[in-house]
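Inspection log for the structure reproduced underneath, given as structure tokens.
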Amino acid sequence: MSGLIFNLFIFVLASFVGFELISKVPPTLHTPLMSGANAISGITLIGALVVAGQVGDTMGQYIGMAAIIFATINVVGGFLVTDRMLEMFKKKKKEDADE
């Protein structure tokens with residue numbers, strides 16, 4: 001029970017610190033910060049793979065497989081959104097230059 005309370009305390013503390021940190025970032029740094037967060041999500045995917053490989057029972061393997069699927073969706077979706085945001089900062093070519 002004390003382990004659960006400790007883990008809950010760490011989760012609440014990390015949520016508070018994360019919210020305060022993200023709210024202080026200027027808008028121009030959101031894209032690089034998002035890229036870094038996507039790289040960290042890749043670590044989550046590796047962790048899910050390791051945990052899913054070590055579990056012996058069937059239920060644990062299903063949960064591990066779900067963790068792998070959700071982590072993969074998070075990583076791929078994050079990189080797609082980051083790529084789309086970076087496309088917004090590229091200069092557009094003038095159509096008049098071709099004529």
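The values are calculated or read from the model by the stated rules, or taken from the named source; none is laboratory data. Fair warning: this is a prediction, and the values are worked out from it, not measured in the lab. Cβ placement follows ideal geometry from the backbone for every residue including glycine, while neighbour counts extend to all protein chains displayed. With ligands, DNA and RNA removed, areas are computed over all heavy atoms of the protein, side chains included. Shrake-Rupley method; radii C 1.70, N 1.55, O 1.52, S 1.80 Å.
What the chain shows is 85 Å² of accessible area per residue, with the surface traced by a 1.4 Å probe over protein heavy atoms.
Each Lys and Arg adds +1 at its Cβ and each Asp and Glu adds -1 at its Cβ; summed about the Cα centre, the chain shows a dipole of about 200 debye.
With the dipole of the chain worked out from charges on the C-beta (+1 for Lys and Arg, -1 for Asp and Glu) around the Cα centre, which of 51, 16, 78 lies farthest toward the positive end? Working it through, the farthest residue towards the positive pole turns out to be 16. Shown here: Rg/Rh (Cα atoms, Kirkwood Rh), derived from the displayed model; of the candidates (i) 1.17; (ii) 1.26; (iii) 1.31, it corresponds to (i). All alpha carbon pair distances within the stretch 40-80 were sorted into 10 Å bins beginning at 0; the resulting P(r) in whole percents reads 35, 48, 15, 2.
Here the accessible area is traced with a 1.4 Å probe on the protein chains. For the stretch 14-99, carbon and sulfur cover 70 percent of it.
Mean residue ellipticity, 222 nm, helices only, the chain: the sum of -39500 (n - 2.57) across DSSP H runs of n ≥ 4, divided by residue count and rounded to 500, is -28500 deg cm²/dmol. Between the alpha-carbon centres of the stretch 4-37 and the stretch 46-95 there is a gap of 18 Å. Electrostatic bookkeeping for residue 31 treats Lys and Arg as +1 and Asp and Glu as -1; over the other residues with beta carbon under 14 Å from its beta carbon, the sum is 0. Before anything else, pin down the relative contact order of the chain: Cα pairs under 8 Å, at least 6 apart, normalised by residue count, whole percent. With pairs under 8 Å counted, the relative contact order is 28 percent. Can you tell me how the stretch 9-65 classifies by the Cα gyration tensor, rounded, prolate or oblate, using a/c under 1.5 as the rounded cut? Oblate, since a/c reaches 1.5 and b/c is not below a/b.
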